[in-house]
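Notes to accompany the following structure.
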Amino acid sequence: MPTISKKTLNFCLKLLIAALLGWAIYHQVFAKQEAAELWGALVRHFTYPNLLWMVAVLLLAPLNVALEALKWRQLIGGFSKLNSWQTFKAVLAGTTIAIFTPNRVGEYGGRVLFVEKGQGWKAVIATMVGSLAQLLALLSVGLLGAVYFSLKFLGPEPYLVPVSVSLGAAFLGLLFFTYFNIDVVVPLAKRIPYIDRFKKPLRHLTVLRHYHREELGRALGLAFLRYFTYATQYYLLLQFYGVPAPWLLGMAGIATIFLVQASVPLPPAMGLLARGEIALFVWGFFTQDHVDILAATFSLFVINIAVPALLGLVFIVQVNILKSIGYENKKSS
């Protein structure tokens, strides 16, 4: 393929990513029917000393990204020598593509653009391990929070709580066992029917054999820290918008929302709608002001997803996408 054609294709790919990102953000930030009301809620509450809550949320936003970058660098350290700034950029780029792809699958592709040549599949596998760690943190806290919230407000049948806790604990136990014995995935994967068709990516699964439990434990600890950072941001936003939820019940409500949302395989832009509906139900026990409830959820999306995604686009524009995915190394047909 001529050089000019490669440059054109590279430009078109970046333009497509920018267009999809713009569509996702516009659809959620500007095209919402209640956008004017949400903006009005922000302006109404943006007064001293109330705005200190918002300042705290904004200060925690870089920490949220940094913890994810640190977790990912921990997991790719055995085969990649990316520094802290490079992993930070990779995480932001992953957020850019994840915002318009189902279940955040684009996150893998965004990060791969920044790893060294030939390490793409290993980086994808490391990202999956990191996602499992984050899921464990979310499910662990989510189960406890959902049970506590249900007992306080929903009055479930007496038998439902022990049954739910037992099933949830069993499922979590299986996930924790799999996580800390992640290398068992390799022989299991080889038993999947027709797996021979995927020999190239399959051979990179051997990277799982190099993860030690101490290493996985540190990544899991960072996942829990990131969860509590994100949840704290959400709680501070509730305080900013005047939703009168006590700290413990508030964190339990947040855990419940995250737990339910985790079961919905949607991109973050669409997941915002689902989270908004869940939030209206959960925070409806504390206030009937639906605008403030939705404004808190909306603000969390803008601060932790939309803004990082826009920053990630800046870094994607600086990358040669075709070279990063190995396309330029192929001979012209």
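The values are calculated or read from the model by the stated rules, or taken from the named source; none is laboratory data. As the structure is a computational prediction, the values presented were derived from the model and not from experiment. All Cβ positions, glycine included, derive from the backbone under ideal geometry; neighbour counts span all protein chains shown.
When VAL243 is tested against (1) of a type outside the set (D, E, K, R); (2) part of a loop (DSSP other than H, G, I, E, B); (3) modelled with pLDDT under 80, exactly one condition is not met: (3).
When LEU9, LEU67, LEU16, LEU63 are checked against the criterion of being within 22 Å of GLY118 (Cβ to Cβ), part of a helix (DSSP H, G or I) and either aliphatic (A, V, I, L, M) or touching a Pro at 6+ places or on another chain (Cβ under 9 Å) (or both), LEU9 stands alone in meeting it. Among the residues of segment 91-102, at least one is surrounded by fewer than 21 Cβ atoms within 10 Å (Cβ to Cβ) and touching a residue at least 60 places away in the same chain (Cβ under 8 Å). Number of residues in segment 109-121 that are over 16 Å from LEU70 (Cα atoms), in a helix (DSSP H, G or I) and of a type outside the set (A, V, I, L, M, F, W, C): the value is 3.
Against the definition (among the charged types (D, E, K, R), surrounded by fewer than 14 Cβ atoms within 10 Å (Cβ to Cβ), under 23 Å from ALA126 (Cα atoms) and modelled with pLDDT under 85), how does ARG213 come out, yes or no? Criteria not met by ARG213. Screening ALA93 against (1) in a helix (DSSP H, G or I); (2) closer than 15 Å to VAL129 by Cβ leaves a single unmet condition, (2).
For PHE286, are the conditions met, namely being in a loop (DSSP other than H, G, I, E, B) and at pLDDT 90 or above? Quick ask: steps written out before the conclusion?
Values: in a loop (DSSP other than H, G, I, E, B): yes; at pLDDT 90 or above: yes.
Spelling it out, PHE286 is indeed in a loop (DSSP other than H, G, I, E, B) and at pLDDT 90 or above.
Tell me which of these TYR48 doesn't satisfy, since it passes every other one: (1) without any contact (Cβ under 8 Å) to a residue 40 or more places away in the chain; (2) of a type in the set (Ser, Thr, Tyr); (3) under 25 Å from LEU238 (Cα atoms); (4) touching a helix residue (DSSP H, G or I) at 6+ places or on another chain (Cβ under 8 Å). Here TYR48 meets the rest and fails (4). Within the set of pairs 6+ apart or on separate chains, which have a first residue in segment 307-323 that is closer than 20 Å to GLY120 by Cβ, a second that is among the basic types (Lys, Arg), and C-beta atoms under 8 Å apart? Hits for this filter: GLY312/LYS89; PHE315/LYS89; ILE316/LYS14; VAL317/LYS14; ILE321/LYS14; LEU322/LYS6.
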